Amino acid sequence: MQMTLTINGQNHAVEAPAAALLVEVLRDQLGLTGTHIGCDTSQCGACNVLVDGAAVKACNILAAQAQGAAITTIEGVGGGGGTAEALHPMQQAFRTEHGLQCGFCTPGMVMAGLEMVRKHGTTLTPELVTHELEGNLCRCTGYINIVKAIVAGAAAMGEMAHA
Ligand code: FES
Ligand code: FES
């Protein structure tokens, strides 16, 4: 079927099966491979994207269902280009706090952090972040620095908002 998806501020017309998952269309048709697939049981959160600002597992929603919504992938977070200057504060915090090792889970973790700020504001406790991270799996880090990164990233977002 023909569908139009609004991703990172741009409209994309795509032809995909009605049963195509959003993550499949993002990766396979649009080349947005920063959204990862880490499981087939909707448990890992590596595929998190923002749909109208809320974190959604892109393996758990049909692309067709996302029509009409503003979708943000990790490519649309921050200023783009991948330079340190262009990183979103939440991305920068993962860098500063060593919140990643292989990086496979990181896009989904960043999205989870942004979702926490949306839900709880920019002052987050490690306990809250740990609780909220239950939908995201990391095979490398032991989570301690991921939690630190999200707390720090949220605080940095708060500082920017008040600057
Ligand atoms: Fe979507 Fe694992 S790939 S939750
Ligand atoms: Fe490797 Fe999280 S950093 S899976």
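Just so it is clear, none of the values below were taken in a lab; they were calculated from the coordinates. Note that the coordinates shown come from a computational prediction; the quantities given were computed from them, not determined experimentally. Note that each Cβ is placed from the backbone with ideal geometry, even for glycine, and that neighbours are counted across all protein chains shown.
At-a-glance table
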{"item": "Amide H contacts under 5 Å for Leu62, placed H, 5+ residues apart", "result": "Leu22"}
{"item": "Choice from Ala66, Ala112, Ala58 with maximal GNM fluctuation in the chain (Cα, 10 Å cutoff)", "result": "Ala66"}
{"item": "Stokes-Einstein D in µm²/s, Kirkwood radius over Cα pairs - the chain at 25 °C with 0.890 mPa s viscosity", "result": "155 µm²/s"}
{"item": "Listed residues Glu97, Glu75, Glu134, most fluctuating in the chain (Gaussian network, C-alpha, under 10 Å)", "result": "Glu134"}
{"item": "Test item: Cα-centred dipole of the chain, Lys/Arg +1 and Asp/Glu -1 on Cβ, debye", "result": "140 debye"}
{"item": "Per-residue HN-Hα couplings for the range 57-64 [Karplus 6.51, -1.76, 1.60; θ = phi - 60°; Hz; x = Gly/Pro]", "result": "6, 6, 8, 10, 9, 6, 4, 4"}
{"item": "FRET efficiency, Asp52 to His120 (Cβ-Cβ, R0 25 Å, nearest 0.05)", "result": "0.90"}
{"item": "Sequence-separation-based contact order of the chain, relative, with Cα cut under 8 Å and 6+ spacing, percent", "result": "23 percent"}
{"item": "Options Leu22, His36, Gly76, ranked by Cα towards positive dipole end of the range 13-137, top entry (Cβ charges)", "result": "Gly76"}
{"item": "Under the Karplus curve 6.51 cos²θ - 1.76 cosθ + 1.60, θ = phi - 60°, whole-Hz ³J(HN,Hα) for the range 4-18, x wherever Gly or Pro sits", "result": "10, 10, 9, 10, 6, x, 10, 7, 10, 8, 10, 10, 8, x, 4"}
{"item": "Simple Cβ-charge dipole of the range 73-160, Lys/Arg +1 and Asp/Glu -1, about Cα centre, in debye nearest 20", "result": "100 debye"}
{"item": "Average silhouette area of the range 97-149, convex hull of alpha-carbon atoms, in square nanometres", "result": "3.2 nm²"}
